[in-house]
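The values are calculated or read from the model by the stated rules, or taken from the named source; none is laboratory data. Values in this document were obtained by computation on a predicted structure and should not be read as measured data. Virtual Cβ from ideal backbone geometry, glycine too; neighbours counted across all protein chains shown. Calculation scope for accessible area: heavy atoms of the full protein, side chains included, ligands and nucleic acids excluded. Shrake-Rupley method; radii C 1.70, N 1.55, O 1.52, S 1.80 Å.
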Amino acid sequence: MQGVVKIDTYDIVIIGGGPGGYTAGIRAAIKGAKVAVVEVDRLGGVCLNKGCIPSKALIASAVQYQKLKEADSFGLRLSGEFGYDWSAILARKEKIVGALVGGIGQLFKSHGVDHFNGYGRIVNSKHVVVTDEEGGETKLTAKNIIIATGSRSMNIPAFPIDGVRILTSDHLLAAESLPRSILIVGAGVIGCEWAFMLSMLDVEVRMVEMLPRALPLEDSDTSRLIERELKKRKVKLFTNTKVDSIGPGGEGVLAELSNGKTLEANQVLMAVGRAFNTEELGLEDLGLKLNKNGSIHTGADMRTNIKNIFAIGDVRGEIMLAYTAVHDGTVAVDNALGGKAGKDYLGVPSVIFTHPEVASVGLTEEQAGAKYDVITSKFPIRTLGKAQAENELSGEVKLVADKKTDRLLGVHMIGSHATEIIHTAALAIRQKLTARQLGELTFGHPVISESLMEAAHGLHNESVHMPRRK
Ligand code: NAI
C-alpha cells in the first residue's frame, strides 16, 4: 500500500464512467464545475464495452450475413461459398468499441474533467477514496457525490456462471468461437436480441422464459409478433417455463424444464435480468437507504437520503437503460449545482435490436385500458412500398389512444427501422398530441414511417391504404 494522495476539493465526484457517469461529468464541466470521474475499468461502462455498442456491432454483422443469404430475392447471383469469420467479426466490434472509448478520454481532456482509474469507495459524505490497480490510494474531497456504478448480469445461484458451459453475454462477446447450439434462459431484451443475432449466424437457439410471453414488458401484440418471428428463425421457445436443473450431458449441457421436457445445447446463456453494483462502495457505513430489491433509493431529484449524495442510472433500479441514465445524470448535476430539476421520463422510448426491430413509447394497451377508454389501430408494415422494395415485410404499428380526447397514449412498433422511427412517436407522446395531429403531418414517401400516419388515420377509420371497417 502506498501513501494516500490528497487532491483539491471537487464540486462533484462521480463514481462510475458509464453513459450516466461520463456524460454527467462532461455536463458538470460545461456548467463550470470542478469535476472528477472515477472508473475502475475502461470508460464507457457496460453500454460501450459489453452492452449496447458491441452487441449492435455484432448484430450488424449478423444482419449483413442474413442479407447475403437472401441475395437471390434481390436479383443478385452469388457464386461460390460464403460464410463468416467470427474472430474477424469480434475484431471489427473491438475496433468500434476502442474508438468510442478512446473518444470519451479525449472529451474529458477537452472539457477539463479529471479521470481517476481505480475503485471508488465513499468513506464519508465528503470523501471518496480511489484505490488503483497497485493498491495506491487517492483521497478526493467532494462537495457532492454522484453514484453511477450501474449493474451487471444477474446470477442464479443454482446455475453458477462458469464461463464455459453457463455464460453471460459478456462471455459471448469475447468467445473464441460460437457454439453450434445454445439454450437462452430468459426471453427479455438481452435474451431476444441474442436469439436473433445467434440464429442469423446459424446457431441453433432454444429459449426458456418463465413468464407467459417473450418481451413481457412490451405490449402483448408485440410479444405475439416477436414470438412469430422467432419461430420463423426456427428458435424453439418455451414460455411459462422454468429451468429446474442444468447438468452435463447431450450436446454439452442438459437442462430439465418445469414442463417436464429436457433441452440439450452446447452452452447456456443466462439472460435473466441484472444485479445492482452497490457492493463495497461504503453505502452501509453511510446509512444510505436502499430499495427492497437492493437498488439505491432516490427522489425524482436523484438525491439519496444523504443530501449531497446522488444516484443515477441502473443502480437506482427504476429503468435500466443507458439513455435514462444520461437523463438522470443531467438532473443530478443540475441539483448538485444548486438547481431544482426533477426526472421526466414522458416520451422515453424503448428500443430493442431484434430483427425485425421492436420499439415502443408510452402505455401498452393493457396499461392504458386500466385508466382510459381506449381505441387502437394497427397498420401492417408489408403494405408499404418501402417495405416491399427492401424486402422487409414483417411487423406492424399499433397505436393506442384515449377514445374521448383522441390523445395518443402508446405506440408499439415491430419492423425494419422501428428503433429510429419511434422517435417521431416519442415526440408526439411527449407533446401530448392527438392521433389526428400525428396524422396531419405529411410524411415523406416511400418511408416506413408512413406506417405511423396510416395507423393514426386508421384510428378514425380513415386510412387510405387499409380496407374500410364497416
Ligand atoms: P429482462 O428483465 O429484460 O429479461 C429477463 C427475462 O428473464 C424476463 O423476461 C424474466 O421473466 C426471465 N427470467 C428470469 N428468471 C428466469 C428463470 N429462472 N427462468 C426463465 N426465465 C427467467 O433482463 P435482461 O434481458 O437481462 O436485460 C437487462 C436490462 O438491460 C433490462 O432492463 C433491459 O431493458 C436492458 N437492456 C436494454 C437493451 C435495449 O434497450 N436495447 C438491450 C439490452 C439490455
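Which of the cysteines found in the chain have nothing to pair with, since no other Cys Cβ lies under 4.7 Å from theirs?
Within the chain, the cysteines lacking a partner Cβ under 4.7 Å are Cys192.
What translational diffusion coefficient, in µm²/s and rounded to a whole number, does the Stokes-Einstein relation yield for the chain at 37 °C and a viscosity of 0.692 mPa s, taking the hydrodynamic radius as the Kirkwood radius over Cα pairs?
For these conditions, the coefficient is 136 µm²/s.
Of His111, Asn305, Met466, whose Cα points farthest to the positive end of the dipole of the chain (charges on the beta-carbon: +1 Lys, Arg; -1 Asp, Glu; origin at the Cα centre)?
Met466
What nm value, rounded to one decimal, do you get for the distance between Asn461 and Asp162 when each label is placed 7 Å out toward the C-beta?
That separation, rounded to one decimal, is 6.3 nm.
Could you compute how much accessible surface Leu290 exposes when probed at 1.4 Å, giving the result in Å² to the nearest 10?
Ignoring ligands and nucleic acids, Leu290 comes out at about 80 Å².
Going by alpha carbons, how many degrees (0 to 90, nearest 10) lie between the helix axis of 19-30 and the longest principal axis of the chain?
The angle comes out near 60 degrees.
Quick check for you: with a 1.4 Å probe and neighbouring chains kept, what is the accessible area per residue of the chain, in Å²?
With the other protein chains kept in place, the chain gives 46 Å² per residue.
Leaving out ligands, DNA and RNA, and with a 1.4 Å probe, what % of the accessible surface on the chain is carbon or sulfur?
Its accessible area is 52 percent carbon and sulfur atoms.
Work out the length of the dipole vector of the stretch 350-459 about its Cα centre, built from +1 on the beta-carbon of each Lys and Arg and -1 on the beta-carbon of each Asp and Glu, and round it to the nearest 20 debye.
The dipole magnitude comes to about 340 debye.
Label points 7 Å out from Cα along the Cβ direction at Lys292 and Val5: separation in nm?
Taking the simple label geometry, Lys292 and Val5 are separated by 4.6 nm.
At 0.36 nm per residue, minus the direct Cα-Cα distance, what do Leu427 and Lys242 gain on full extension? Give it in nm, one decimal, please.
62.7 nm
Taking 7 Å along the Cα-to-C-beta vector as the label spot, tell me the His127-Arg180 distance in nanometres, rounded to one decimal.
In this crude spin-label approximation the distance works out to 6.0 nm.
If we sort 223-229, 171-177 on the protection proxy, mean other Cβ atoms within 10 Å, highest first, what's the order?
Going from most to least packed, we get 223-229, 171-177.
How large is the charge dipole for the chain, taken about the Cα centre, if only the Cβ atoms of Lys, Arg (+1) and Asp, Glu (-1) carry charge, to the nearest 20 debye?
It works out to roughly 1060 debye.
Would you rank Ile182, Ile190 by solvent-accessible area, highest first, keeping every protein chain in place and using a 1.4 Å probe?
Ile190, Ile182
Give me, ordered by chain and number, the residues 5 or more places off Phe310 or on other chains with an amide H under 5 Å from its own placed amide H.
Placed amide hydrogens put Ile145, Ile146, Ile147, Thr304 under 5 Å from Phe310.
Report the accessible area of Tyr372, computed with a 1.4 Å probe over the heavy atoms of all protein chains in place, in Å² rounded to the nearest 10.
Spelled out: Tyr372, probe radius 1.4 Å, area about 80 Å².
Take Glu134, Glu390 and sort them by solvent-accessible surface of the protein heavy atoms, 1.4 Å probe, largest at the top.
Glu134, Glu390
If packing is taken as the average count of other Cβ atoms within 10 Å, what order do 402-410, 450-458, 269-277 fall into, highest mean first?
Result, highest mean Cβ count within 10 Å first: 450-458, 269-277, 402-410.
Can you tell me the FRET efficiency between Lys67 and His115 if r is taken as the Cβ-Cβ distance and R0 is 35 Å, rounded to the nearest 0.05?
That pair, Lys67 with His115, gives E of 0.30.
Suppose accessible area is computed on protein heavy atoms with a 1.4 Å probe; arrange Lys289, Lys378, Lys398 from highest to lowest.
Lys289, Lys378, Lys398
At 222 nm, what helix-only mean residue ellipticity would the chain give, in deg cm²/dmol to the nearest 500, using -39500 (n - 2.57) for each DSSP H run of four or more?
Mean residue ellipticity, 222 nm, calculated: -9500 deg cm²/dmol.
May I ask you to list the residues of the stretch 250-293 whose amide nitrogen lies under 12 Å from a point 7 Å from Cα along the Cα→beta-carbon direction of Asn305?
284-292
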